[in-house]
Amino acid sequence: MSHELSIEPVGEHLEVDDDQSLLDAALRRGLYLPHACCHGLCGTCKVQVLEGEVEDDDASPFALMEFEREEGYTLACVAKPLSDVVIEADIEEDPDAIVQPVEDYEGTVVDIVDLSPTAKGVFIELDRDMEFQAGKYINVHLPDIEMPRAFSLANSPSEKRVIELNVRLVPGGEATTYIHERLAVGDKLHVSGPYGRFFVRKSAPEDFIFFAGGTGLSSPKSMILDLLEEGDGRQITLFYGQRHRAELYYHEFFEELAAKHENFTYVPALSEPKPDDDWDGATGFVTDVAHEHFGGRFTGNKAYLCGPPPMIDACLTTLMRGRLFERDIFMEKFITAADAAQESRKSPLFKAV
């Protein structure tokens, strides 16, 4: 059985199955609703129900407060229709956003490589081509694990059949432990996508700055390859931070890319180099290295940040002090299930900057 979902103020109408969330139905129709965790924890997908009823018991009481429920609000990522529903949602339109409906794919693991002591590259051949915009991610359904896990696409959008995921081992993480210890070449996986709202604003005239930390390198790698393949002549700078040399994966790849393209600058930085690293590059936090590289002024650029929340927060502070502000900064935080749970316990009245 299904019900009709109407989305105001855009006037869109679509069918939603009983066991399908409002968010999933919209994304599969190619309609973007703001979202992040997709598990009812963060509150990003909050919408107001104008007519009809939904079941949203899986919403965290920290992400959806009781007084908000009384005012008709729900979380689209967990809300399922009990009747025809009309909602009001903030739908952002951007000329550089490519609308790509979410679809399901069957994939076969064709290669697994050790990128670093804590990260693996997983290559999956899909049953058909996937069209995606650089910066987007997919959901991977792993055997015996209830919830799918999100991983950014690290390959160029020109590579549509074999996709690359960079997976860091999270201590105690059910999904990443499975991938690092049990996943094997030849395994079949169900994936869905593409998801996300992290993409390059190509129509803007500014140059590009990318910040990456940990396996946050995935999206910048895809974005940079896309720009270079298209022959974009603007200056592209990548600041890539890790603790020591063994964690700095794809180092040689980006060195070769920088040697080949005059408009691409690669700036790696190690925050805790080991004595035997034989490192003669930049040391310290990647934000300090970027501040020195640009002389403390970041105007004339658009910045794209991808990595763990502490790195993102440090980058925001550095960029704003260097006179680059919100309209020119775009980000994708890498949030684990534990991070999301902790974030959901913050008061909705408190906004971290």
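Every read-out reported here was derived from the displayed coordinates using simple, explicitly stated rules and does not represent laboratory data. These numbers come from a predicted model, not from an experiment. Here Cβ is always computed from backbone atoms with ideal geometry, including for glycine, and neighbour counts include all displayed protein chains.
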(request) Estimate the FRET efficiency between His293 and Leu50 by the formula 1/(1 + (r/R0)^6), using the beta-carbon distance for r and 45 Å for R0, to the nearest 0.05. (result) 0.35
(request) With +1 on each Lys and Arg Cβ and -1 on each Asp and Glu Cβ, and nothing else charged, work out how big the dipole of the chain is about its Cα centre, in Debye to the nearest 20. (result) 1320 debye
(request) Normalise the Debye intensity by I(0) for segment 210-309, one equal point scatterer per Cα, no solvent, then take log10 at q = 0.13, 0.20, 0.22, 0.24 Å⁻¹ and round to two decimals. (result) -0.44, -1.05, -1.26, -1.46
(message) Per residue of segment 282-290, what does 6.51 cos²θ - 1.76 cosθ + 1.60 with θ = phi - 60° give for ³J(HN,Hα)? Whole Hz please, x for Gly and Pro, Karplus curve as stated.
(response) 5, 10, x, 5, 4, 5, 5, 5, 5
(request) May I ask you to compute the full-extension gain from Asp84 to Lys260, defined as 0.36 nm times their residue separation minus their alpha-carbon distance, rounded to one decimal in nm? (result) 57.7 nm
(message) Kirkwood Rh over alpha-carbon pairs of segment 53-112, then Stokes-Einstein at 20 °C and 1.002 mPa s: what D in µm² s⁻¹, rounded to an integer?
(response) 142 µm²/s
(request) Would you kindly calculate the translational diffusion coefficient of segment 1-139, applying Stokes-Einstein with the Kirkwood radius from alpha carbon pairs, for 20 °C and a viscosity of 1.002 mPa s, and quote it in µm² s⁻¹ without decimals? (result) 128 µm²/s
(message) Counting only other residues whose beta carbon sits under 14 Å from that of Gly295, what net charge do I get with K and R as +1, D and E as -1?
(response) +1
(request) Work out how much length Val110 to Arg234 would gain on full extension: take 0.36 nm times their residue separation and subtract the Cα-Cα distance, in nm to one decimal. (result) 41.1 nm
(request) Pop a pseudo-label 7 angstrom from the Cα along the beta-carbon direction at both Ala97 and Lys160 and give the gap in nm to one decimal. (result) 2.3 nm
(message) Just want to confirm a number: the relative contact order over segment 144-214, from Cα pairs under 8 angstrom separated by 6+ residues, in percent.
(response) 19 percent
(request) Rounding to the nearest 20 debye, state how big the charge dipole of segment 106-236 is about its Cα centre with +1 on each Lys and Arg Cβ and -1 on each Asp and Glu Cβ. (result) 300 debye
(message) Test of understanding: in a Gaussian network model of the chain with alpha carbons linked when under 10 Å, which of Ala314, Ala204, Ala303 would top the mean-square fluctuation ranking?
(response) Ala204
(request) Based on the mean of other Cβ atoms within 10 Å per residue, sort peptides 214-224, 49-59, 179-189, 33-43 so the most packed one is first. (result) 214-224, 33-43, 49-59, 179-189
(message) Rounded, prolate or oblate, given the Cα gyration tensor of segment 1-71, with a/c below 1.5 counting as rounded?
(response) prolate
(message) Need one number: nm distance between label points at Ala204 and Met1, each 7 Å from Cα along Cα→Cβ, rounded to one decimal.
(response) 4.7 nm
(request) Mind jotting down the three principal axis lengths of segment 149-252 based on Cα atoms? Whole angstrom, largest first. (result) 45, 33, 24
(message) Given R₀ = 56 Å, what would the calculated FRET efficiency be for His13 paired with Asp276, taking r from the Cβ atoms and rounding to 0.05?
(response) 0.35
(request) With no solvent and one equal point scatterer placed on each C-alpha of the chain, evaluate the Debye formula and give log10 I(q)/I(0) for q = 0.10, 0.13, 0.14 Å⁻¹, two decimals. (result) -0.65, -1.10, -1.26
(request) Can you check what the net charge comes to around Glu12, using other residues whose Cβ is under 11 Å from the Cβ of Glu12 (Lys, Arg +1; Asp, Glu -1)? (result) -1
(request) Please give the net charge around Glu159, taking every other residue with its beta carbon less than 15 angstrom from that of Glu159, where Lys and Arg add +1 and Asp and Glu add -1. (result) -3
(request) With springs connecting C-alpha atoms under 10 Å apart, model the chain as a Gaussian network and identify which of Pro101, Pro117, Pro275 has the largest mean-square fluctuation. (result) Pro275
(request) Evaluate the Kirkwood expression for the hydrodynamic radius of segment 57-216, namely the inverse of the mean inverse distance over all pairs of different C-alpha atoms, and round to one decimal in Å. (result) 18.2 Å
(request) Check cross-link reach from Lys274 to the aspartates and glutamates: straight Cα distance under 18 Å, and skip same-chain residues fewer than eight apart. (result) Glu247
(request) Could you pull out the pairs from Lys202/Lys260; Lys188/Lys260; Lys46/Lys136; Lys46/Lys120 whose alpha carbons sit more than 29 Å apart here? (result) Lys188/Lys260; Lys46/Lys120
